[in-house]
There are 2 protein chains.
Amino acid sequence: MSDKVKPEFQKAKKNRIFQDVVDQIQEAILEGKLTPGDVLPPERELRETFNVSRGTLREALRVLEQKGLVEIRLGTGGGARVKEAGTEQLTETLAFMIRSGTLPVVDIGEFREGMEGKIASLAALRANEKDIKRLEKILKNACEMAEKGESGWQDFLYADESIHKEIAKIARNSVYQYLMNVVHDNIQRYYNIFLDFSDNRLAENCQDLKNMVSAIKERRAEDAGRIAEEHVKRFNARMRAKEALTTQAISKNSQ
Amino acid sequence: MSDKVKPEFQKAKKNRIFQDVVDQIQEAILEGKLTPGDVLPPERELRETFNVSRGTLREALRVLEQKGLVEIRLGTGGGARVKEAGTEQLTETLAFMIRSGTLPVVDIGEFREGMEGKIASLAALRANEKDIKRLEKILKNACEMAEKGESGWQDFLYADESIHKEIAKIARNSVYQYLMNVVHDNIQRYYNIFLDFSDNRLAENCQDLKNMVSAIKERRAEDAGRIAEEHVKRFNARMRAKEALTTQAISKNSQ
DNA sequence: CATAGTCATTGGTTAGACCATTAATATGAT
DNA sequence: ATCATATTAATGGTCTAACCAATGACTATG
């Protein structure tokens, strides 16, 4: 039955020397032989170590830099520093996939429904008093903005974003927190451009937020999750409707 | 209130020429001026177009290649081809973050609980007859393997993976489907190494799968989601327990 | 003591050459 | 005529050697 095993190997990309250099340095980082903050020797020295030309070495450094593994500084005391593993790289790639349509926005929206629900549930289970206080403070601010009507609209959107991200933080799961941020920055913020005051239904949204925070405060995890999910679901439905209208208008114009 | 706006600009990375070349080509791809399959002119020609040295141009190409935007072939008729936007890049980055511990495995496990639940629910809503048939076929195979006891264990694991991925496909959401694959390949497969026959509780797992498929078939979305979530939750709990034991044993050894 | 200038270090860029791989084409044996 | 083999042109991969540009430390000068 071993013929069922899926190899999933990577194509052994030619004998490219710079790739070998990349692999060696990357491996050193993964094995902890190089840790964040470490500075690699100057290019002219590394060139000798690896016994490659400077050009080849630099191609390797470009790849490592693009992978987010090292950061390169200019001038005296400059050079390639091993970076703290971060999420910028992932974020950039995701952003590109969204912009280019590789990930359909409807799918992302739907994904967000489930994610926000789960996050709210977890937050309800894990919030401490300090968390609740911060949350209520932001909420108060948001609703004040909402009450100002159209003039407070932009600020409400900003406060709304803060609340969602704060809840993600309270859920204390780095994966959810990261995805939440990236989705918000690439989808919600994009959608908000097309929103106008009437779309936003400030009072309704504000009430949703209030209910959600209450549920979290009172540790009603299921409720919190359900409210959050419904909240996002309604938003998505409204955006889809708007999108359909836009598409319709465009196809009408192009006739 | 415009002082509240979060800029989130990127550091204007110095006057690096190759970066400018990267930006221009990337922009051309995003704008559709370059579409997948297009072949860029040879390096020696591009060098003149951008008025840079070949070395600089090649550094730009390395970055574009690393970003997954182009693929470079050798020999006559070779060159840089614009690639179909894919997920390999994202996958590689994620795999690195998991391997390096940037994303804690417990967080990923917890994330998976929610995700698998949601996927099962969606699958229940969207499965057609063909989907169900495929699913039942894989299920039957999996359970036969399970009944063989220890000898069928490895095959059961493989069939189990197939079922989960098939359900993700049925859910018809590219984001969930992608995340499911990446998590499975990087976490589940990793965990499986440490599993032994007794851990796997073949009969219990098989029953879970049966219940899940039934729920999907009968469009009981809530049930399907709950069963899937519980299934993963139990698995995670078992792995955490095992991990704690291992850690304990290690610290005992190192004393 | 402070300010401005000098200089060594290190990444960024250029130029030109040659090597290695690939696919098309020409050549030759059967 | 057909198929195998050798040639060749196109193109990426690598090397060498030089010079430019930014940076920070050191030094001289007021």
- Calculated from backbone phi, Karplus (6.51, -1.76, 1.60) coupling profile of the range B:38-50 in Hz, x at Gly/Pro: 4, 10, 6, x, x, 3, 5, 7, 4, 3, 6, 3, 8
- Item | Residue exposure sequence - A:Arg226, B:Arg54 - by fewest surrounding Cβ within 10 Å | B:Arg54, A:Arg226
- What residues have an amide H closer than 5 Å to that of A:Gly79, excluding those fewer than 5 places away on the same chain, when H is modeled at 1.01 Å from N in the peptide plane? A:Arg73, A:Leu74
- Ranking of B:Lys242, B:Lys118, B:Lys137 by count of other Cβ atoms within 10 Å, fewest first: B:Lys137, B:Lys242, B:Lys118
- So which GluC sites (Glu not before Pro) in the range A:28-97 are both in a DSSP loop and have at most 14 other Cβ atoms within 10 Å of their Cβ? A:Glu31, A:Glu84
- In degrees rounded to 10, the 0-90 angle between helix A:129-147 Cα long axis and the longest Cα principal axis of chain A is 60 degrees
- Query: Distances from B:Arg172 to the same residue in each other copy, label points 7 Å out along Cα→Cβ, in nm, shortest first?
  - Reply: 4.0
- Treating the beta-carbon of each Lys and Arg as +1 and of each Asp and Glu as -1, no other charges, what is the dipole magnitude of chain A about its Cα centre, to the nearest 20 debye? 320 debye
- Item | Cα long-axis angle, helix B:54-66 against chain B (0 to 90 degrees, to the nearest 10) | 20 degrees
- Sequence of B:Leu30, B:Leu64 once ranked by neighbouring C-beta atoms within 10 Å, starting from the fewest: B:Leu30, B:Leu64
- Estimated [θ] at 222 nm from DSSP helical runs (n ≥ 4, -39500 (n - 2.57)) normalised by residues in chain A, nearest 500: -22500 deg cm²/dmol
- Message: In whole Hz and in residue order, list the ³J(HN,Hα) couplings for the range B:101-116 that follow from phi through the Karplus curve 6.51 cos²θ - 1.76 cosθ + 1.60, θ = phi - 60°; x for Gly and Pro.
- Response: x, 4, 9, x, 4, 4, 5, 5, x, 5, 4, 5, 3, x, 5, 5
- Query: Hey, what do the phi angles of the range A:234-239 turn into as Karplus ³J(HN,Hα) couplings, whole Hz, using 6.51/-1.76/1.60 and θ = phi - 60°, x for Gly and Pro?
  - Reply: 4, 4, 4, 4, 5, 5
- Round to the nearest 10 and give me the degree value, 0 to 90, for the angle of helix A:202-217's Cα axis relative to the longest principal axis of chain A. 70 degrees
- Item | Label-to-label distance, nm, for residues given as A:Ser214 and B:Asn192 (7 Å Cα→Cβ offset) | 4.8 nm
- Message: Taking the alpha-carbon distance from A:Lys242 and a cut-off under 19 Å, which aspartates and glutamates remain once sequence neighbours fewer than 8 residues away in the same chain are dropped?
- Response: A:Asp107, A:Glu110, A:Glu113, A:Asp196, A:Asp199, A:Glu204, A:Glu230
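The numbers here are math on the coordinates, done by the rules we state, and not lab data. On a predicted model such as this, the values are computed, not experimentally measured, just so you know. So basically every Cβ, Gly included, is an ideal-geometry build from the backbone, and we count neighbours across all protein chains shown.
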